[in-house]
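Enquirer: What follows is a single structure, and I will ask about it in a moment.
Bear in mind that the values in this text are calculations on the coordinates, not laboratory data. Computed from a prediction, not measured in an experiment: that's the story for all the values here. Cβ coordinates were reconstructed from backbone atoms using ideal geometry, including for glycine residues, and neighbour counts include every protein chain displayed.
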Amino acid sequence: MKKNILFEGTATALITPFTRGKVDYSALSKLLDFQLDNGVNAVVVLGTTGEPATMTQEEKDAVVRLAVKKLGGKIPVIVGAGANSTQSAVENVRHAERLGADGVLVVTPYYNKCTQAGLVRHYTAVAKATKLQVICYNVPSRTGVNLLPETFAKLADIDNIIGIKEASGNIAQISKLARLVKDKAVIYSGDDGITVPVMSLGGKGVISVASNVIPRYVSTMTAAYLEGKFDKARDMQLDMLPLVDALFAEVNPIPVKKACELVGIATGEVRLPLTKASKKTTARLKNELKRFV
């Protein structure tokens, strides 16, 4: 069963700009315009890169409303809605639907973790709670939980679970996932460094951190692959690897926010317990960005 999907190509896992401790909505508005003007196919707000764990509910709601107001009807707005409590995740997806989101990105339960059977029950409850399209998010390095290919293959039978953001970094696992899922759901790379390899396994694009600062480049790369220009996409992937390494030299989103500051998009400010980028990381970013902006 082939499903309608939210996007193919590039979705930006958007930063939340802060200035002097507060959400900078003016900078966010400019960032949203920057993404749209440079060809991205969707945006994700309140994902890991957006620092929702350190934001108030009022701030999170305002970010979603602004994104929907600016981009609604132009490109999909996907809202990070995961939680380590199933009931909280259910409430989050319902709330995102009320705010006008086009879809939700739902990370596996973290900290208290769960079994694979628990993952099936968790995502089933979330999917049943909303009419929105649901993208599961597997990032075991952060959550301590690995959503296995066999488990997601079961979840892909649910009508509105349309895809998975795969950030395990394990190509063998992603290969098995692609074999089991086939056309029941789509796979998005969750790692900028392996977007083209994931697409070569049938993936439809990336949910990207790098596209905060180089949206035209990343969207051109994924479009090239989708258009069958495989050599071009491969070469672009290889060329961006040093920048990707710099963007993940410290905990995300510390470096990408500094990169945004360096190119004049937003401040590099993060909220504790995150800290500002080191001088070494800043120097790396300056050096690598020269090739792109």
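Enquirer: Order the peptides 219-227, 283-291 from the highest to the lowest mean number of other Cβ atoms within 10 Å of their residues.
Expert: Answer by packing, highest mean first, reads 219-227, 283-291.
Enquirer: Where does the chain land at 222 nm, in deg cm²/dmol rounded to the nearest 500, when only DSSP H runs of n ≥ 4 count, each adding -39500 (n - 2.57), divided by all residues?
Expert: -13500 deg cm²/dmol
Enquirer: Antiparallel DSSP bridges in the chain: what percent, to the nearest 5?
Expert: 5
Enquirer: So, in nm, how far is label PHE292 from label SER26 when the simple model puts each one 7 Å beyond its Cα toward the Cβ?
Expert: A separation of 2.7 nm, rounded to one decimal place.
Enquirer: Skipping prolines and chain starts, which residues have an amide H placed within reach, meaning under 5 Å, of the one on THR19, given they are 5 or more residues away or on another chain?
Expert: Long-range HN contacts for THR19: ASP24.
Enquirer: Mind listing the Cα extents of segment 1-152 along all three principal axes, in Å, largest one first?
Expert: Computed over the Cα atoms, the extents are 43, 38, 27 Å.
Enquirer: Moving on to the next point. As an exercise, use a Förster radius of 41 Å and the Cβ-Cβ distance of THR19 and GLU227 to find the FRET efficiency, rounded to the nearest 0.05.
Expert: 0.55
Enquirer: Please identify, among THR195, THR267, THR108, the residue showing maximal mean-square fluctuation in a Gaussian network model of the chain using a 10 angstrom Cα cutoff.
Expert: Ranking THR195, THR267, THR108 by mean-square fluctuation puts THR267 first.
Enquirer: Give me the distance between the Cα centres of segment 1-33 and segment 260-293, rounded to whole Å.
Expert: Answer, in whole Å: 18.
Enquirer: Ordered by residue, what ³J(HN,Hα) values in Hz, to whole numbers, does segment 20-32 give under the Karplus form 6.51 cos²θ - 1.76 cosθ + 1.60, where θ = phi - 60° and Gly and Pro are x?
Expert: 6, x, 10, 4, 9, 5, 5, 5, 4, 4, 5, 5, 4
Enquirer: Taking the convex hull of the Cα atoms, report for segment 224-282 its projected area averaged over all directions, in nm².
Expert: Quarter of the Cα hull surface area: 5.0 nm².
Enquirer: Let me ask something else. Report the Cα centroid-to-centroid distance between segment 141-191 and segment 65-137 in angstrom, as an integer.
Expert: 16
Enquirer: Using a Cα-Cα cut-off of under 19 Å, which aspartates and glutamates could be cross-linked to LYS176, ignoring same-chain neighbours fewer than 8 residues away?
Expert: GLU150, ASP157, GLU166, ASP191
Enquirer: I want to verify a result. In a Gaussian network model of the chain, Cα cutoff 10 Å, which of these has the top mean-square fluctuation: PRO273, PRO109, PRO76?
Expert: PRO273
Enquirer: Please report, in whole Å³, the volume per residue of the convex hull around the C-alpha atoms of segment 88-189.
Expert: Taking the convex hull of the Cα positions in segment 88-189, it is 89 Å³ per residue.
Enquirer: Can I ask one more? Is any residue of segment 38-81 close enough, with backbone N under 14 Å, to a label point placed 7 angstrom from the Cα of ARG271 along the Cα-Cβ axis, and if so, which?
Expert: 46-64
Enquirer: So, one more: Remind me, relative contact order of the chain in percent, using alpha carbon pairs under 8 angstrom and six or more residues apart?
Expert: With pairs under 8 Å counted, the relative contact order is 19 percent.
Enquirer: Determine, for each peptide in 34-44, 239-249, the mean count of other beta carbons within 10 angstrom over its residues, then list the peptides with the highest first. Working shown, then result.
Expert: Values: 34-44: 21.2, 239-249: 19.1.
Per-residue mean Cβ counts within 10 Å order the peptides as 34-44, 239-249.
Enquirer: Could you order peptides 11-20, 148-157 by the average number of other Cβ atoms within 10 Å of their residues, highest first?
Expert: Working: 11-20: 24.1, 148-157: 18.6.
Answer by packing, highest mean first, reads 11-20, 148-157.
Enquirer: Label-point separation (nm) for THR56 and ASP183, each offset 7 Å from Cα along Cα-to-Cβ?
Expert: A separation of 4.9 nm, rounded to one decimal place.
Enquirer: For each pair in LYS30/LYS258; LYS70/LYS154; LYS30/LYS229, compute the distance between the two Cα atoms and list the pairs where it is over 27 Å.
Expert: Exceeds cut-off: LYS70/LYS154; LYS30/LYS229.
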